[in-house]
Amino acid sequence: MLRNIDTNLWVAEQPLKYFGLEVGTRMTVIRFNPDKLLVISPINPEEKMIHQLEQLGTVNYIISPNLYHHLFIAPFKKNYPDAELWATSGLKEKCPNLPIDKVFNDECTHQFLEKVEVAPVNGFKTLDVKGYSPLNEWVFFHTESNTLIITDIAYYFDAFSSPIMQLLTKLFGGYQQLRPSFLEKIATHDKEQVKQSIKRILSWDFERVIMAHGSILEQDAKQQFQLGYEWFLGETI
């Protein structure tokens, strides 16, 4: 289940439906010396995956990166009760039963842990069953592998995606393009805040983008990310 992507960097994927659409979901695992593990956006902790994680090291940090990727946090934390659970602001109010240890804030934006930098994406809104609401997403830059790790601020659906997502992105735009969806473009009004957040992300020297939904982008990732947000914002960054 776990796939090695680069030095001290792994991912694991599972099927997941959103509004009845098969979008899949992905978690990312980063290892620090000597054997500490950071898990971003956990998926359902199946026995095989737990065994693989044990071979890599000890889960010390669990990250809930936005207000939507909390579905498997509780069962994952149950398997690793000693791990610190970090979450975005607002999740404690949304899910009061989650045993959150620390909340991301501006003091975390320079260096979260060794070889990982973090930053918020402000002003971005997404679609849920109640309408449009803030995403409150934090993104991560793994300096050792030059990898940007995002969750829901952009997608990349291609030939490896589900047939329905291939069809929809071909019909409405976005197929084989790294960018937010048209629905988020409509929902997000404070685009100056988004622009400033994206400019900060583009200051990182990333070559790869790992996202929660869609395929991992290995080539021209930074350029495609910038172009995707120029489309989203309607202006050059």
Could you list all residues from segment 136-151 that are over 11 Å from the mean Cα position of the chain (by Cα) and either free of Cβ contacts under 8 Å to residues at least 12 places away in the same chain or not in a strand (DSSP E or B) (or both)? N136, T143, E144, S145, N146
All but one of (1) modelled with pLDDT of 95 or more; (2) hydroxyl-bearing (S, T, Y); (3) over 17 Å from N4 (Cα atoms) hold for T109, so report the exception by its number. (1)
Would you check which residues across segment 136-195 are of a type in the set (V, I, T) and more than 20 Å from E235 (Cβ to Cβ) and list them? V139, T143, T147, I149, I150, T151, I164, T169
Which of the residues that make up segment 186-237 are acidic (D, E) and at pLDDT 95 or above? E192, D205, E207, E218, E230
Does K92 count as out of contact with any helix residue (DSSP H, G or I) (no Cβ under 9 Å at 6 or more places or on another chain), modelled with pLDDT under 95 and either surrounded by 13 or more Cβ atoms within 10 Å (Cβ to Cβ) or in a loop (DSSP other than H, G, I, E, B) (or both)? yes
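Among the residues of segment 1-34, count how many are of a type outside the set (D, E) and farther than 15 Å from F140 by Cα.
Taking segment 1-34 as the starting set, the residues that turn out to be of a type outside the set (D, E) are 1-5, 7-12, 14-21, 23-34.
So of that shortlist, the ones also farther than 15 Å from F140 by Cα come out as 1-5, 7, 12, 14-21, 23-25, 33-34.
The qualifying residues number 20.
The values are calculated or read from the model by the stated rules, or taken from the named source; none is laboratory data. This is a predicted model, so every value here is computed, not measured. Using ideal geometry, Cβ is built from the backbone for each residue, glycine included, and neighbour counts are taken over all protein chains shown.
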